[in-house]
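Colleague: I am attaching a structure below and will ask some questions about it afterwards.
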Amino acid sequence: MARMLRAEATPEELPRIAHVSSLKDMIKQWEAGKWLPRPRYRVLYSRLTGIPETELFGTEWDTPPPLWIPTEVDGDFTPDDRERLDLAASRPERVDLVVVESLATILAAQRRTEDVIGAVPLIEPVRAQLAAIASMVAEARGSVRAPLVDVAAQWAQFAGWLHGSVDRHGDALDYLNTTLDWATENGDQAMVGTVMSWKGHIAARAGQLGNMIGLSRAGQRSRRGLGRVYDLYQEARGHALLGDAAAVDRLTSRAQEETTQWGNAEGRPWEYYYAAPGFFTLEHGLTYRILGRTDPDRNATAVELLSKGLEDLPKEMRRSDWAGDFSYELGRAYLQAGERRQAAEIADDLEELARRNRSDRLAGLAATLR
């Protein structure tokens, strides 16, 4: 049966169909009623039997989403990979380096998916995935443990980021603490520094400026490259909130120098967006927008920097929640300049992004620009 189903697939479909050995196991699970065939396999059954899908499977038989999603990863993540991961989730002692590589592939795809669809749709899947991965870590030993712990730390970090993006700061800190445990086990100072940095970001959201500045400095001591550049800008933002323009100038100048120094260096997997065109222009503009509350010249420069940064961002990243935050900051800069019409136009765009990404937080920010 497995070979017959594969024979019904078109050349375009075949790469997304499991190989015979895995497909045999999948068919056994379907026939036993343990799993339901996904839509691509229902089509093959229909072609093979000549019976419409609705007669074979009905119209209400929807397959629940698999644990290892999103579907956007299908191009790089094969059905065999999914089968291997499902087995590893049910029997954590089966984890091997191939499983770890598959996990890294999924995580990379989910990071980029979040850039396009926002944080909300990914929160529950990532929580479920991380619970399964934690079980794998608990059983892992030998040569596979360190690479698995590395991926697990990155997964917990991503979960922390997602929860922070929707202002669930307590949950975000819990996940970042888990990240810190695993990063410390592996001696990964770059990840330890990232946790300090992201805790500083959460402190900023809570208005804890002392913690924001101190944690940003801690991140700088542990990170190199563009991650350290981000922490320089984050510390500068803290000083801007305190009205210390001299400290802002010192830190942003150093950040610009180090951006030039590290611009072509390859960062860690979670740092990819730091290298995106326009990203640090936006960070600089945000810092000046804060100073612009009392300094019209800085505010005018902030409008220029934020506009340029948003224009330079890759198209897919402009739809992210974090790009929406920078759009909001541009709207605030316009309000500070007395340009209410431009601010209202940005509010319209931000409301549309909030609807698309199902983000109550962005919708609330848009309302303040009216």
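The values are calculated or read from the model by the stated rules, or taken from the named source; none is laboratory data. Computed from a predicted model, the values in this text were never measured in an experiment. All Cβ positions, even for glycine, are placed from backbone atoms using ideal geometry, and neighbour counts span all protein chains on display.
Colleague: Please find, among Arg94, Arg112, the residue that is out of contact with any helix residue (DSSP H, G or I) (no Cβ under 7 Å at 6 or more places or on another chain) and not aromatic (Phe, Trp, Tyr).
Modeller: Working: Arg94 fails: out of contact with any helix residue (DSSP H, G or I) (no Cβ under 7 Å at 6 or more places or on another chain).
Testing whether each residue is out of contact with any helix residue (DSSP H, G or I) (no Cβ under 7 Å at 6 or more places or on another chain) and not aromatic (Phe, Trp, Tyr) leaves just Arg112.
The rows are residues; the columns are (1) more than 30 Å from Leu107 (Cα to Cα); (2) at pLDDT below 95; (3) crowded, with 19+ Cβ neighbours inside 10 Å; (4) out of contact with any His (no Cβ under 8 Å at 6 or more places or on another chain).
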site: Val229; (1), (2), (3), (4): no, no, yes, yes
site: Glu235; (1), (2), (3), (4): no, no, yes, yes
site: Ala246; (1), (2), (3), (4): yes, no, no, yes
site: Asp249; (1), (2), (3), (4): yes, no, no, yes
site: Trp262; (1), (2), (3), (4): no, yes, no, yes
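Colleague: So, one more: When you scan segment 221-229, do you find a residue that is under 23 Å from the mean Cα position of the chain (by Cα), of a type in the set (Val, Ile, Thr) and over 23 Å from Thr368 (Cα atoms), even just one?
Modeller: We begin by selecting, within segment 221-229, every residue under 23 Å from the mean Cα position of the chain (by Cα); these are 222-229.
Add one more test, that the residue is of a type in the set (Val, Ile, Thr), and what stays is 229.
Then keep just the ones that are over 23 Å from Thr368 (Cα atoms); that gives 229.
Scanning segment 221-229 turns up at least one residue that is under 23 Å from the mean Cα position of the chain (by Cα), of a type in the set (Val, Ile, Thr) and over 23 Å from Thr368 (Cα atoms).
Colleague: Another one. Considering every residue within segment 189-198, establish whether at least one is more than 27 Å from His239 (Cα to Cα) and out of contact with any Gly (no Cβ under 6 Å at 6 or more places or on another chain).
Modeller: Of all residues in segment 189-198, those more than 27 Å from His239 (Cα to Cα) come to none.
Checked against the condition, which is being more than 27 Å from His239 (Cα to Cα) and out of contact with any Gly (no Cβ under 6 Å at 6 or more places or on another chain), segment 189-198 yields no hits at all.
Colleague: Do we have any residue at all in segment 296-319 that's among the small types (Gly, Ala, Ser) and in a loop (DSSP other than H, G, I, E, B)? It would help to see each step written out before you state the result.
Modeller: The initial filter retains those residues of segment 296-319 that are among the small types (Gly, Ala, Ser), namely 300, 302, 307, 309.
Checking the rest, the ones that are also in a loop (DSSP other than H, G, I, E, B) come to none.
No, because not a single residue in segment 296-319 is among the small types (Gly, Ala, Ser) and in a loop (DSSP other than H, G, I, E, B).
Colleague: State whether the residues of segment 91-105 include one that is assigned to a loop (DSSP other than H, G, I, E, B), modelled with pLDDT under 70 and surrounded by fewer than 15 Cβ atoms within 10 Å (Cβ to Cβ). Talk me through it step by step, then tell me what you get.
Modeller: First pass over segment 91-105, keeping only residues assigned to a loop (DSSP other than H, G, I, E, B): 91, 95-96.
Next cut, modelled with pLDDT under 70 only: none.
No.
Colleague: Could you list all residues from segment 279-297 that are free of Cβ contacts under 8 Å to residues at least 40 places away in the same chain and either in the same structural domain as Gln110 (by TED's automatic domain parsing) or surrounded by fewer than 22 Cβ atoms within 10 Å (Cβ to Cβ) (or both)?
Modeller: Thr281, Asp297
Colleague: In addition: For segment 312-347, what are the residues that are at negative phi and without any contact (Cβ under 8 Å) to a residue 12 or more places away in the chain?
Modeller: Taking segment 312-347 and keeping what is at negative phi, we get 312-337, 339-347.
If the condition is that a residue be at negative phi and without any contact (Cβ under 8 Å) to a residue 12 or more places away in the chain, then Lys315, Arg318, Glu339, Arg340, Arg341, Gln342, Glu345 are the ones that fit.
Colleague: Could you say which residue among Asp86, Asp150, Asp74, Asp81 is among the acidic types (Asp, Glu) and either at pLDDT 90 or above or in contact with an Asp or Glu (Cβ under 7 Å, 6 or more places away or on another chain) (or both)?
Modeller: On the way: Asp86 fails: either at pLDDT 90 or above or in contact with an Asp or Glu (Cβ under 7 Å, 6 or more places away or on another chain) (or both); Asp74 fails: either at pLDDT 90 or above or in contact with an Asp or Glu (Cβ under 7 Å, 6 or more places away or on another chain) (or both); Asp81 fails: either at pLDDT 90 or above or in contact with an Asp or Glu (Cβ under 7 Å, 6 or more places away or on another chain) (or both).
Within the list Asp86, Asp150, Asp74, Asp81, the selection yields Asp150.
Colleague: Would you confirm whether any residue within segment 279-286 is in contact with an Asp or Glu (Cβ under 7 Å, 6 or more places away or on another chain) and either assigned to a loop (DSSP other than H, G, I, E, B) or of a type in the set (S, T, N, Q) (or both)?
Modeller: Looking through segment 279-286, at least one residue is in contact with an Asp or Glu (Cβ under 7 Å, 6 or more places away or on another chain) and either assigned to a loop (DSSP other than H, G, I, E, B) or of a type in the set (S, T, N, Q) (or both).
Colleague: Would you point out the residue of segment 153-178, among those that are modelled with pLDDT of 95 or more and hydroxyl-bearing (Ser, Thr, Tyr), that is surrounded by the fewest Cβ atoms within 10 Å (Cβ to Cβ)?
Modeller: Of everything passing the filter in segment 153-178, Thr178 is surrounded by the fewest Cβ atoms within 10 Å (Cβ to Cβ).
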